[in-house]
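Here's the structure we're looking at; comments come further down.
The values are calculated or read from the model by the stated rules, or taken from the named source; none is laboratory data. Predicted model only: the values in this text are computed from it and were never measured. Glycine also receives a Cβ, built like all others from the backbone with ideal geometry; neighbour counts cover every protein chain displayed.
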Amino acid sequence: MNRKQSFHSVIPWMVFFLYTFILTACLNSPTGFFVTRFGALGDGKNLDTEYIQSAIDACAKAGGGTVNFPAGTYLSGTLLLRDNVNLHLQEGATLLGSTRLEDYPEIKSQLRHYYEEVVLRSLIYGENLSHVSITGKGTIDGQGEAFVVTTKKKPDRYLDRPYIIRMITCNNLQVRDITLQNSAMWMQHYLACEDLTINGITVFNHANQNNDMIDIDGCRNVIISNCSGDTDDDALTFKSTSVHACENIVVTNCILSSHCNAIKCGTESTGGFRNITISNCVIRPSRDTVPIFGLPTGTSGISLEIVDGGIMNGVSISNISMDGPEVPIFIRLGNRARKHIPEVETPPVGQLSNVLISQVIARNAGRTGCSITGIPGFPVKNINLSDMILEFKGGVVDPVAQADVPELEDHYPEGTMFGELPSFAFFIRHAEDISLSNIKVSTHDTDKRKPVLTDDVKGLTIENAPKP
(Lines give C-alpha, C1' and ligand atoms only; values in the text may rest on other atoms or scores of the structure.)
Protein backbone atom coordinates (compact mmCIF):
# COMPACT_ATOMS: atom_id res chain seq x y z
CA MET A 1 0.00 0.00 0.00
CA ASN A 2 1.46 3.35 -1.00
CA ARG A 3 1.48 6.45 1.13
CA LYS A 4 -1.52 7.96 -0.67
CA GLN A 5 -3.62 4.84 -0.23
CA SER A 6 -2.63 4.64 3.45
CA PHE A 7 -3.71 8.24 4.04
CA HIS A 8 -7.09 7.70 2.41
CA SER A 9 -7.67 4.54 4.43
CA VAL A 10 -7.40 6.37 7.74
CA ILE A 11 -9.72 9.25 6.79
CA PRO A 12 -12.92 7.39 7.79
CA TRP A 13 -11.41 6.62 11.19
CA MET A 14 -10.33 10.23 11.66
CA VAL A 15 -13.86 11.40 10.82
CA PHE A 16 -15.33 8.84 13.20
CA PHE A 17 -13.10 9.84 16.10
CA LEU A 18 -13.64 13.56 15.42
CA TYR A 19 -17.43 13.04 15.36
CA THR A 20 -17.29 11.05 18.60
CA PHE A 21 -15.16 13.69 20.27
CA ILE A 22 -17.48 16.52 19.24
CA LEU A 23 -20.61 14.61 20.25
CA THR A 24 -19.18 13.70 23.64
CA ALA A 25 -18.04 17.25 24.23
CA CYS A 26 -21.49 18.59 23.37
CA LEU A 27 -23.37 16.08 25.48
CA ASN A 28 -21.12 16.54 28.49
CA SER A 29 -20.24 20.19 28.18
CA PRO A 30 -21.23 22.65 30.91
CA THR A 31 -24.08 23.80 28.67
CA GLY A 32 -25.40 20.45 27.52
CA PHE A 33 -25.61 17.50 29.94
CA PHE A 34 -28.31 15.33 28.36
CA VAL A 35 -29.94 12.96 30.88
CA THR A 36 -30.22 10.28 28.19
CA ARG A 37 -26.43 10.27 27.86
CA PHE A 38 -26.26 9.24 31.53
CA GLY A 39 -28.66 6.33 31.12
CA ALA A 40 -32.15 7.83 31.53
CA LEU A 41 -34.61 5.95 29.32
CA GLY A 42 -37.47 8.45 29.34
CA ASP A 43 -40.05 5.72 28.81
CA GLY A 44 -42.27 6.66 31.78
CA LYS A 45 -41.95 3.13 33.22
CA ASN A 46 -38.39 2.65 34.41
CA LEU A 47 -37.15 4.82 37.26
CA ASP A 48 -34.64 7.37 35.97
CA THR A 49 -33.76 9.05 39.30
CA GLU A 50 -30.20 7.71 39.48
CA TYR A 51 -29.33 8.73 35.94
CA ILE A 52 -30.84 12.21 36.18
CA GLN A 53 -29.01 12.80 39.46
CA SER A 54 -25.77 11.67 37.82
CA ALA A 55 -26.28 14.27 35.09
CA ILE A 56 -26.94 16.97 37.70
CA ASP A 57 -23.85 16.03 39.71
CA ALA A 58 -21.63 15.88 36.62
CA CYS A 59 -22.89 19.27 35.50
CA ALA A 60 -22.14 20.80 38.90
CA LYS A 61 -18.71 19.18 39.01
CA ALA A 62 -17.90 20.74 35.65
CA GLY A 63 -18.68 24.18 37.05
CA GLY A 64 -22.34 24.33 36.06
CA GLY A 65 -24.48 24.44 32.97
CA THR A 66 -27.67 22.91 31.65
CA VAL A 67 -29.07 19.46 32.34
CA ASN A 68 -31.23 18.75 29.31
CA PHE A 69 -34.32 16.55 29.12
CA PRO A 70 -35.11 15.69 25.49
CA ALA A 71 -38.68 14.73 24.56
CA GLY A 72 -39.81 11.74 26.61
CA THR A 73 -41.32 10.86 29.99
CA TYR A 74 -38.80 10.58 32.81
CA LEU A 75 -40.07 8.78 35.93
CA SER A 76 -38.22 9.98 39.00
CA GLY A 77 -38.06 10.30 42.74
CA THR A 78 -36.26 13.05 44.64
CA LEU A 79 -33.67 15.04 42.68
CA LEU A 80 -31.14 17.21 44.49
CA LEU A 81 -30.27 20.40 42.65
CA ARG A 82 -26.71 21.76 42.78
CA ASP A 83 -25.10 25.18 42.43
CA ASN A 84 -25.05 26.71 38.94
CA VAL A 85 -27.30 24.03 37.43
CA ASN A 86 -30.25 24.64 35.12
CA LEU A 87 -32.79 21.85 34.69
CA HIS A 88 -34.16 22.34 31.18
CA LEU A 89 -37.14 20.36 29.94
CA GLN A 90 -37.43 20.60 26.20
CA GLU A 91 -40.85 20.71 24.54
CA GLY A 92 -42.34 17.22 24.71
CA ALA A 93 -40.37 16.30 27.85
CA THR A 94 -42.19 15.35 31.06
CA LEU A 95 -40.57 14.82 34.45
CA LEU A 96 -43.03 12.42 36.10
CA GLY A 97 -43.02 12.03 39.87
CA SER A 98 -42.91 8.49 41.16
CA THR A 99 -46.01 7.21 42.97
CA ARG A 100 -43.87 5.25 45.46
CA LEU A 101 -43.22 7.07 48.73
CA GLU A 102 -39.89 5.28 49.19
CA ASP A 103 -38.56 7.14 46.15
CA TYR A 104 -38.76 10.41 48.14
CA PRO A 105 -36.32 10.27 51.09
CA GLU A 106 -37.07 12.52 54.04
CA ILE A 107 -34.97 15.68 54.08
CA LYS A 108 -35.16 17.95 57.10
CA SER A 109 -34.16 21.52 56.35
CA GLN A 110 -31.44 23.28 58.27
CA LEU A 111 -33.63 26.36 58.65
CA ARG A 112 -36.07 26.20 61.56
CA HIS A 113 -39.69 26.79 60.53
CA TYR A 114 -43.25 25.72 61.26
CA TYR A 115 -43.41 22.73 58.89
CA GLU A 116 -39.94 21.36 59.63
CA GLU A 117 -41.18 18.06 61.09
CA VAL A 118 -44.09 17.26 58.81
CA VAL A 119 -43.28 18.11 55.19
CA LEU A 120 -40.04 16.38 54.37
CA ARG A 121 -40.35 15.04 50.83
CA SER A 122 -39.99 16.71 47.44
CA LEU A 123 -39.50 15.82 43.79
CA ILE A 124 -36.97 18.65 43.25
CA TYR A 125 -35.09 19.90 46.33
CA GLY A 126 -32.38 22.46 46.96
CA GLU A 127 -30.98 24.16 50.04
CA ASN A 128 -28.24 26.78 50.39
CA LEU A 129 -27.74 26.92 46.63
CA SER A 130 -26.83 29.72 44.27
CA HIS A 131 -27.64 30.35 40.59
CA VAL A 132 -30.05 27.50 39.98
CA SER A 133 -32.97 27.37 37.57
CA ILE A 134 -35.76 25.24 36.13
CA THR A 135 -36.72 26.16 32.58
CA GLY A 136 -38.18 24.96 29.31
CA LYS A 137 -41.44 24.21 27.53
CA GLY A 138 -41.80 20.78 29.14
CA THR A 139 -43.98 19.55 32.00
CA ILE A 140 -43.40 18.43 35.57
CA ASP A 141 -46.21 16.15 36.81
CA GLY A 142 -46.27 14.97 40.44
CA GLN A 143 -49.02 12.34 40.07
CA GLY A 144 -50.26 13.68 43.40
CA GLU A 145 -53.57 11.82 43.38
CA ALA A 146 -51.64 8.63 44.22
CA PHE A 147 -50.80 9.88 47.74
CA VAL A 148 -53.80 9.26 49.99
CA VAL A 149 -54.54 11.54 52.95
CA THR A 150 -55.35 9.26 55.90
CA THR A 151 -56.31 11.86 58.52
CA LYS A 152 -57.84 15.33 58.75
CA LYS A 153 -55.81 16.17 61.85
CA LYS A 154 -53.13 18.83 61.51
CA PRO A 155 -50.22 18.55 61.09
CA ASP A 156 -50.47 14.79 60.51
CA ARG A 157 -52.30 15.21 57.24
CA TYR A 158 -49.19 16.83 55.74
CA LEU A 159 -47.05 13.74 56.29
CA ASP A 160 -45.89 11.60 53.40
CA ARG A 161 -46.99 13.88 50.57
CA PRO A 162 -44.17 15.32 48.48
CA TYR A 163 -43.97 18.80 47.05
CA ILE A 164 -42.91 19.12 43.42
CA ILE A 165 -40.41 21.97 43.98
CA ARG A 166 -38.93 22.95 47.31
CA MET A 167 -36.08 25.46 47.56
CA ILE A 168 -34.72 26.72 50.89
CA THR A 169 -32.26 29.58 51.54
CA CYS A 170 -31.25 29.73 47.89
CA ASN A 171 -30.27 32.85 45.96
CA ASN A 172 -30.38 33.83 42.29
CA LEU A 173 -33.10 31.33 41.48
CA GLN A 174 -35.18 31.27 38.28
CA VAL A 175 -38.21 29.23 37.22
CA ARG A 176 -39.34 30.01 33.66
CA ASP A 177 -41.86 28.78 31.09
CA ILE A 178 -42.41 25.36 32.64
CA THR A 179 -45.80 23.65 33.13
CA LEU A 180 -46.40 22.23 36.61
CA GLN A 181 -49.29 19.93 37.50
CA ASN A 182 -50.70 17.41 39.97
CA SER A 183 -48.68 17.86 43.14
CA ALA A 184 -49.48 15.76 46.21
CA MET A 185 -49.02 18.86 48.41
CA TRP A 186 -48.10 22.47 47.65
CA MET A 187 -46.87 22.75 44.09
CA GLN A 188 -43.80 24.84 44.87
CA HIS A 189 -42.38 26.19 48.11
CA TYR A 190 -39.65 28.84 48.22
CA LEU A 191 -38.48 29.38 51.80
CA ALA A 192 -36.13 32.21 52.78
CA CYS A 193 -34.83 32.55 49.22
CA GLU A 194 -33.40 35.75 47.75
CA ASP A 195 -33.42 37.16 44.22
CA LEU A 196 -36.10 34.83 42.91
CA THR A 197 -37.66 35.23 39.44
CA ILE A 198 -40.67 33.22 38.28
CA ASN A 199 -41.89 33.99 34.77
CA GLY A 200 -44.26 32.45 32.28
CA ILE A 201 -45.12 29.27 34.19
CA THR A 202 -48.45 27.43 33.98
CA VAL A 203 -49.84 25.55 36.99
CA PHE A 204 -52.81 23.17 37.29
CA ASN A 205 -53.09 21.65 40.76
CA HIS A 206 -56.27 19.74 41.65
CA ALA A 207 -54.85 16.34 42.58
CA ASN A 208 -54.96 16.41 46.38
CA GLN A 209 -55.50 18.47 49.52
CA ASN A 210 -53.39 21.60 50.13
CA ASN A 211 -52.90 22.05 46.39
CA ASP A 212 -51.48 25.59 46.37
CA MET A 213 -50.09 27.12 43.18
CA ILE A 214 -47.05 28.80 44.69
CA ASP A 215 -45.90 29.57 48.24
CA ILE A 216 -43.44 32.41 48.73
CA ASP A 217 -42.33 31.99 52.33
CA GLY A 218 -40.08 34.60 53.90
CA CYS A 219 -38.35 35.47 50.62
CA ARG A 220 -36.67 38.73 49.55
CA ASN A 221 -36.42 40.39 46.14
CA VAL A 222 -38.99 38.38 44.21
CA ILE A 223 -40.48 38.99 40.75
CA ILE A 224 -43.46 36.90 39.58
CA SER A 225 -44.85 37.71 36.14
CA ASN A 226 -46.84 36.36 33.20
CA CYS A 227 -47.99 33.25 35.06
CA SER A 228 -51.24 31.27 34.95
CA GLY A 229 -52.45 29.13 37.83
CA ASP A 230 -55.56 27.05 38.51
CA THR A 231 -55.56 25.39 41.93
CA ASP A 232 -57.81 23.76 44.47
CA ASP A 233 -56.20 25.53 47.41
CA ASP A 234 -54.66 29.01 47.51
CA ALA A 235 -53.09 30.30 44.29
CA LEU A 236 -50.63 33.17 44.81
CA THR A 237 -49.63 32.66 48.45
CA PHE A 238 -47.26 34.63 50.67
CA LYS A 239 -46.32 33.16 54.04
CA SER A 240 -43.81 33.61 56.82
CA THR A 241 -43.29 30.34 58.66
CA SER A 242 -39.89 31.33 60.07
CA VAL A 243 -38.18 34.47 61.32
CA HIS A 244 -37.70 35.63 57.71
CA ALA A 245 -40.01 38.29 56.26
CA CYS A 246 -41.55 38.39 52.81
CA GLU A 247 -40.28 41.66 51.38
CA ASN A 248 -39.52 43.51 48.17
CA ILE A 249 -41.92 41.54 46.01
CA VAL A 250 -43.43 42.44 42.63
CA VAL A 251 -46.24 40.46 40.96
CA THR A 252 -47.74 41.41 37.60
CA ASN A 253 -49.66 40.08 34.61
CA CYS A 254 -50.99 36.85 36.10
CA ILE A 255 -54.21 34.87 35.63
CA LEU A 256 -55.34 33.10 38.80
CA SER A 257 -58.04 30.59 39.69
CA SER A 258 -58.58 29.08 43.13
CA HIS A 259 -61.28 27.35 45.13
CA CYS A 260 -59.84 29.15 48.17
CA ASN A 261 -57.85 32.41 48.00
CA ALA A 262 -56.57 33.74 44.67
CA ILE A 263 -54.20 36.31 46.21
CA LYS A 264 -53.30 35.60 49.82
CA CYS A 265 -50.83 37.21 52.16
CA GLY A 266 -50.83 35.78 55.65
CA THR A 267 -52.07 32.76 57.60
CA GLU A 268 -48.53 32.10 58.84
CA SER A 269 -47.12 35.54 59.59
CA THR A 270 -44.17 35.20 62.00
CA GLY A 271 -41.61 37.25 60.06
CA GLY A 272 -44.14 39.63 58.51
CA PHE A 273 -44.58 41.26 55.10
CA ARG A 274 -43.06 44.46 53.70
CA ASN A 275 -43.01 46.23 50.36
CA ILE A 276 -45.27 44.06 48.22
CA THR A 277 -46.78 45.26 44.94
CA ILE A 278 -49.33 43.24 42.94
CA SER A 279 -50.85 44.55 39.70
CA ASN A 280 -52.57 43.69 36.42
CA CYS A 281 -54.06 40.34 37.41
CA VAL A 282 -57.23 38.48 36.46
CA ILE A 283 -59.02 36.20 38.92
CA ARG A 284 -61.40 33.82 37.19
CA PRO A 285 -63.37 30.66 38.10
CA SER A 286 -61.50 27.38 38.11
CA ARG A 287 -61.88 24.88 35.28
CA ASP A 288 -62.35 22.27 38.01
CA THR A 289 -65.84 22.72 39.47
CA VAL A 290 -65.63 20.22 42.37
CA PRO A 291 -63.46 21.60 45.21
CA ILE A 292 -61.57 19.57 47.79
CA PHE A 293 -61.32 22.68 49.96
CA GLY A 294 -63.07 26.03 49.55
CA LEU A 295 -65.91 26.92 47.21
CA PRO A 296 -66.54 26.18 43.52
CA THR A 297 -66.10 29.85 42.57
CA GLY A 298 -63.45 30.60 45.21
CA THR A 299 -63.53 31.84 48.79
CA SER A 300 -61.67 35.17 48.48
CA GLY A 301 -60.12 37.25 45.72
CA ILE A 302 -57.72 39.28 47.88
CA SER A 303 -56.90 38.21 51.46
CA LEU A 304 -54.44 40.10 53.68
CA GLU A 305 -53.93 38.56 57.12
CA ILE A 306 -51.76 38.82 60.23
CA VAL A 307 -52.67 36.28 62.92
CA ASP A 308 -49.40 34.81 64.29
CA GLY A 309 -47.58 38.00 65.16
CA GLY A 310 -45.46 39.82 62.63
CA ILE A 311 -45.96 43.11 60.81
CA MET A 312 -47.62 43.81 57.48
CA ASN A 313 -46.61 47.22 56.17
CA GLY A 314 -46.59 48.55 52.63
CA VAL A 315 -48.84 46.40 50.44
CA SER A 316 -50.13 47.89 47.18
CA ILE A 317 -52.59 46.00 44.96
CA SER A 318 -54.03 47.51 41.79
CA ASN A 319 -55.78 46.79 38.51
CA ILE A 320 -57.45 43.52 39.47
CA SER A 321 -60.43 42.05 37.64
CA MET A 322 -62.19 39.17 39.39
CA ASP A 323 -65.16 36.99 38.59
CA GLY A 324 -66.77 34.77 41.17
CA PRO A 325 -64.97 34.67 44.54
CA GLU A 326 -67.44 34.72 47.43
CA VAL A 327 -65.52 37.56 49.15
CA PRO A 328 -63.68 40.08 46.95
CA ILE A 329 -61.58 41.65 49.74
CA PHE A 330 -60.74 40.30 53.21
CA ILE A 331 -58.37 42.12 55.60
CA ARG A 332 -57.81 40.60 59.02
CA LEU A 333 -55.64 41.25 62.08
CA GLY A 334 -56.22 38.40 64.53
CA ASN A 335 -54.47 36.67 67.40
CA ARG A 336 -54.17 32.95 66.75
CA ALA A 337 -50.65 33.36 68.19
CA ARG A 338 -49.20 30.17 66.77
CA LYS A 339 -45.49 29.61 67.42
CA HIS A 340 -43.37 28.87 64.36
CA ILE A 341 -41.25 26.44 66.42
CA PRO A 342 -42.07 25.04 69.89
CA GLU A 343 -39.13 26.60 71.77
CA VAL A 344 -39.98 30.27 71.13
CA GLU A 345 -42.27 32.47 73.18
CA THR A 346 -45.88 32.93 72.10
CA PRO A 347 -45.92 35.77 69.56
CA PRO A 348 -47.65 39.01 70.51
CA VAL A 349 -50.47 40.50 68.46
CA GLY A 350 -49.02 41.70 65.19
CA GLN A 351 -49.62 44.86 63.17
CA LEU A 352 -51.38 45.43 59.86
CA SER A 353 -51.12 48.87 58.29
CA ASN A 354 -50.43 50.93 55.18
CA VAL A 355 -52.39 49.02 52.56
CA LEU A 356 -53.53 50.44 49.21
CA ILE A 357 -56.03 48.54 47.04
CA SER A 358 -57.30 50.27 43.92
CA GLN A 359 -58.84 49.72 40.49
CA VAL A 360 -60.70 46.55 41.36
CA ILE A 361 -63.66 45.16 39.43
CA ALA A 362 -65.44 42.24 41.11
CA ARG A 363 -68.43 40.50 39.53
CA ASN A 364 -70.58 37.65 40.81
CA ALA A 365 -69.37 37.89 44.40
CA GLY A 366 -71.44 36.01 46.97
CA ARG A 367 -73.66 37.06 49.87
CA THR A 368 -70.99 37.26 52.58
CA GLY A 369 -69.55 40.73 51.94
CA CYS A 370 -66.05 42.14 52.47
CA SER A 371 -64.57 42.76 55.90
CA ILE A 372 -61.75 44.86 57.34
CA THR A 373 -61.28 43.87 60.97
CA GLY A 374 -58.86 43.99 63.84
CA ILE A 375 -59.51 42.88 67.40
CA PRO A 376 -60.29 44.94 70.55
CA GLY A 377 -57.32 47.14 71.37
CA PHE A 378 -55.46 46.22 68.19
CA PRO A 379 -56.88 47.97 65.13
CA VAL A 380 -55.87 47.64 61.52
CA LYS A 381 -54.54 51.00 60.40
CA ASN A 382 -54.27 53.21 57.33
CA ILE A 383 -56.20 51.13 54.79
CA ASN A 384 -57.05 52.92 51.53
CA LEU A 385 -59.56 51.42 49.06
CA SER A 386 -60.35 53.34 45.87
CA ASP A 387 -61.73 53.14 42.34
CA MET A 388 -63.75 49.94 42.61
CA ILE A 389 -66.87 48.42 41.10
CA LEU A 390 -68.16 45.56 43.25
CA GLU A 391 -71.19 43.41 42.43
CA PHE A 392 -72.58 41.07 45.09
CA LYS A 393 -75.24 38.39 44.96
CA GLY A 394 -77.29 39.89 47.79
CA GLY A 395 -80.71 38.46 48.60
CA VAL A 396 -80.39 38.51 52.40
CA VAL A 397 -83.82 39.26 53.91
CA ASP A 398 -83.05 38.65 57.60
CA PRO A 399 -79.66 40.20 58.39
CA VAL A 400 -77.63 39.24 61.41
CA ALA A 401 -77.39 41.98 64.03
CA GLN A 402 -74.14 43.90 64.02
CA ALA A 403 -73.62 43.10 67.70
CA ASP A 404 -73.89 39.38 66.98
CA VAL A 405 -70.84 39.20 64.70
CA PRO A 406 -68.33 37.15 66.76
CA GLU A 407 -64.79 38.36 67.35
CA LEU A 408 -63.13 34.96 66.71
CA GLU A 409 -59.75 36.53 67.38
CA ASP A 410 -57.92 33.19 67.77
CA HIS A 411 -59.49 31.50 64.71
CA TYR A 412 -57.95 30.59 61.39
CA PRO A 413 -58.42 33.63 59.12
CA GLU A 414 -60.86 33.12 56.25
CA GLY A 415 -63.09 35.49 54.32
CA THR A 416 -66.17 33.53 55.33
CA MET A 417 -65.21 33.14 59.02
CA PHE A 418 -67.94 35.48 60.33
CA GLY A 419 -70.73 34.08 58.15
CA GLU A 420 -73.04 36.47 56.27
CA LEU A 421 -72.06 39.91 57.47
CA PRO A 422 -74.58 42.55 58.61
CA SER A 423 -73.60 44.70 55.59
CA PHE A 424 -73.50 43.47 52.01
CA ALA A 425 -70.38 45.36 50.85
CA PHE A 426 -68.05 46.30 53.75
CA PHE A 427 -68.02 45.47 57.46
CA ILE A 428 -65.28 47.49 59.20
CA ARG A 429 -64.44 46.90 62.88
CA HIS A 430 -61.54 47.80 65.17
CA ALA A 431 -59.82 50.03 62.63
CA GLU A 432 -58.15 53.43 62.30
CA ASP A 433 -57.68 55.77 59.35
CA ILE A 434 -59.75 53.95 56.77
CA SER A 435 -60.43 55.58 53.40
CA LEU A 436 -63.10 54.55 50.86
CA SER A 437 -63.21 56.57 47.66
CA ASN A 438 -64.81 56.21 44.22
CA ILE A 439 -66.42 52.87 45.03
CA LYS A 440 -69.65 51.62 43.47
CA VAL A 441 -71.44 48.64 44.98
CA SER A 442 -74.58 46.75 43.97
CA THR A 443 -76.47 43.52 44.56
CA HIS A 444 -78.03 41.22 42.00
CA ASP A 445 -80.96 40.41 44.32
CA THR A 446 -82.67 42.82 46.68
CA ASP A 447 -80.84 42.85 50.00
CA LYS A 448 -82.06 44.20 53.36
CA ARG A 449 -78.56 45.04 54.58
CA LYS A 450 -76.82 48.37 54.38
CA PRO A 451 -73.79 48.50 52.09
CA VAL A 452 -71.37 49.62 54.84
CA LEU A 453 -71.34 49.19 58.62
CA THR A 454 -68.63 50.23 61.06
CA ASP A 455 -67.83 49.42 64.67
CA ASP A 456 -64.99 50.91 66.73
CA VAL A 457 -63.54 52.82 63.77
CA LYS A 458 -61.56 56.03 64.16
CA GLY A 459 -60.69 58.27 61.25
CA LEU A 460 -63.05 57.02 58.56
CA THR A 461 -62.97 58.98 55.28
CA ILE A 462 -65.58 58.31 52.61
CA GLU A 463 -65.71 60.10 49.25
CA ASN A 464 -67.99 59.09 46.42
CA ALA A 465 -68.62 55.74 48.12
CA PRO A 466 -71.45 54.23 50.22
CA LYS A 467 -71.71 55.57 53.75
CA PRO A 468 -72.61 53.69 56.95
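Conditions (1) over 11 Å from S371 (Cβ atoms); (2) β-branched (V, I, T); (3) outside any strand (DSSP E or B), marked per residue:
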residue: E407; (1), (2), (3): yes, no, yes
residue: P413; (1), (2), (3): no, no, yes
residue: L421; (1), (2), (3): no, no, yes
residue: A425; (1), (2), (3): no, no, no
residue: E432; (1), (2), (3): yes, no, no
residue: S437; (1), (2), (3): yes, no, no
residue: K440; (1), (2), (3): yes, no, no
residue: L453; (1), (2), (3): no, no, no
residue: G459; (1), (2), (3): yes, no, no
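Regarding L89, is this residue over 19 Å from the mean Cα position of the chain (by Cα), closer than 16 Å to I52 by Cα, surrounded by 24 or more Cβ atoms within 10 Å (Cβ to Cβ) and touching a residue at least 12 places away in the same chain (Cβ under 8 Å)?
Here the answer is yes, as L89 does meet what is asked.
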Just to be sure before I move on: is R429 crowded, with 17+ Cβ neighbours inside 10 Å, within 18 Å of G366 (Cα to Cα) and assigned by TED's automatic domain parsing to the domain that holds V355 in the structure I sent? no
Please indicate, with yes or no, whether at least one residue in the stretch 437-459 is of a type outside the set (D, E, K, R), in the same structural domain as M312 (by TED's automatic domain parsing) and touching a helix residue (DSSP H, G or I) at 6+ places or on another chain (Cβ under 6 Å). yes
Is it true that some residue in the stretch 95-104 is crowded, with 21+ Cβ neighbours inside 10 Å, basic (K, R) and in the same structural domain as W186 (by TED's automatic domain parsing)? no
Considering (1) part of a loop (DSSP other than H, G, I, E, B); (2) in contact with a strand residue (DSSP E or B) (Cβ under 6 Å, 6 or more places away or on another chain); (3) assigned by TED's automatic domain parsing to the domain that holds L333, say which one P468 fails and leave the rest. (3)
Cβ-Cβ under 6 Å, sequence separation 6+ or interchain: first residue in the stretch 150-172 and in the same structural domain as R220 (by TED's automatic domain parsing), partner of a type in the set (G, A, S) and surrounded by fewer than 23 Cβ atoms within 10 Å (Cβ to Cβ). Which pairs? I168/S109; N171/S130; N172/S130
Tally of residues being of a type in the set (V, I, T) and out of contact with any strand residue (DSSP E or B) (no Cβ under 6 Å at 6 or more places or on another chain) across the stretch 308-336: 0
All but one of (1) crowded, with 20+ Cβ neighbours inside 10 Å; (2) touching a helix residue (DSSP H, G or I) at 6+ places or on another chain (Cβ under 6 Å); (3) not acidic (D, E) hold for V149; state the number of the condition that does not hold. (1)
Out of E268, E247, report the one residue that is at pLDDT below 95 and within 15 Å of L191 (Cα to Cα). E268
Return only the number of the condition from (1) closer than 16 Å to I263 by Cα; (2) among the acidic types (D, E); (3) part of a loop (DSSP other than H, G, I, E, B) that D160 does not satisfy. (1)
Please list, ordered by first then second residue, the pairs with beta carbon atoms under 8 Å, 6 or more apart or interchain, first in the stretch 117-135 and in the same structural domain as T66 (by TED's automatic domain parsing), second of a type in the set (G, A, S). L123/S76; L123/G77; L123/G97; L123/G142; E127/S109; H131/G64; V132/G126
So, in the stretch 198-217, of the ones that are touching a residue at least 40 places away in the same chain (Cβ under 8 Å) and out of contact with any Leu (no Cβ under 9 Å at 6 or more places or on another chain), which residue ends up surrounded by the most Cβ atoms within 10 Å (Cβ to Cβ)? N211
Here is a list of conditions, (1) in contact (Cβ under 8 Å) with a residue 40 or more places away in the chain; (2) surrounded by fewer than 17 Cβ atoms within 10 Å (Cβ to Cβ), and E345 meets all of them except one; can you say which number that is? (1)
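Mind listing just one residue for me: the one in the stretch 282-328 that is on the phi > 0 side of the Ramachandran plot and assigned to a loop (DSSP other than H, G, I, E, B) and, of those, surrounded by the most Cβ atoms within 10 Å (Cβ to Cβ)? Reasoning before the result, please.
Step one: list which residues in the stretch 282-328 are on the phi > 0 side of the Ramachandran plot, which gives 294, 298, 309-310, 314, 319, 324.
Going one step further and asking which of them are assigned to a loop (DSSP other than H, G, I, E, B), we end up with 294, 298, 309-310, 324.
Numbers: G294: 22, G298: 31, G309: 24, G310: 24, G324: 21.
Result: G298.
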Which residues, counting only those in the stretch 118-135, are outside any loop (DSSP other than H, G, I, E, B) and more than 18 Å from the chain's Cα centre (by Cα)? E127, S130, H131, V132
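Please tell me if N248 is at positive phi and touching a residue at least 24 places away in the same chain (Cβ under 8 Å). Quick ask: steps written out before the conclusion?
Working: at positive phi: yes; touching a residue at least 24 places away in the same chain (Cβ under 8 Å): yes.
Spelling it out, N248 is indeed at positive phi and touching a residue at least 24 places away in the same chain (Cβ under 8 Å).
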